[in-house]
Amino acid sequence: MTSSAVTDPRWAAPPKRPVVAVFLSVASVLIVTSCAYLDPRGSLDPLSGFGPEVYLLAPSERPRDVTADVCRERPGCEKAAESERVRVTRFGTVAAAQNETYALGAAGFRSDRFVVEFRDPATTRDEWAMVASMVEHTATGSPD
């Protein structure tokens, strides 16, 4: 082998840029797709995460924590708060929340992992729609 063979571009090692570019592209795709499944409401507490209007309470009133009683009876339940008229329960999975919503029938509404139970049969359509909208639009951006 002559010295010209070492400097001949046909014998040179290929540049590493394409390998790095492919690696960065794959890493970027993985990061972006994993972020799509983060739940910004995953740690939202039903007691402190929603205003009193969600519970159909006066601004000076607050819902009460009923986690111990409510979650004992409901599989997948993580936290619960209620007023006399509305209960908001957070479940560990969307599937558990769906099961609870099906069990509640017309008295229930689901937004991601949250289930709203309208406990007062005198709740009007406007009140129902207002509460549902407030829950649905609180810290939105989850995958469901």
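Its Cα gyration tensor gives region 35-107 an equivalent ellipsoid, and the semi-axes of that ellipsoid, as √(5λ) in whole Å with the largest first, are 21, 16, 12.
Here the 3J(HN,Hα) profile of region 121-132, calculated from phi with Karplus coefficients 6.51, -1.76 and 1.60 at θ = phi - 60°, is x, 7, 4, 7, 4, 5, 5, 4, 5, 5, 5, 4 Hz, Gly and Pro shown as x. Fully extending the segment from Asp45 to Ala132 would add 29.7 nm, taking 0.36 nm per residue of separation and subtracting the current Cα-Cα distance. Based on Cα contacts under 8 Å between residues 6+ apart, region 52-136 shows a relative contact order of 24 percent. Rounded to the nearest Hz, the phi-derived 3J(HN,Hα) couplings of region 73-82 under the Karplus curve 6.51 cos²θ - 1.76 cosθ + 1.60 (θ = phi - 60°) are 9, 10, x, x, 5, 10, 8, 8, 9, 7, where x marks glycine and proline.
Scalar couplings 3J(HN,Hα) for region 107-112, obtained by applying the Karplus form with A = 6.51, B = -1.76, C = 1.60 to θ = phi - 60°, are 7, x, 9, 10, 9, 6 Hz; x denotes Gly and Pro.
A short reminder: the numbers here are calculations on the coordinates, not readings from a lab. Quantities reported herein were computed from a predicted structural model and do not represent experimental measurements.
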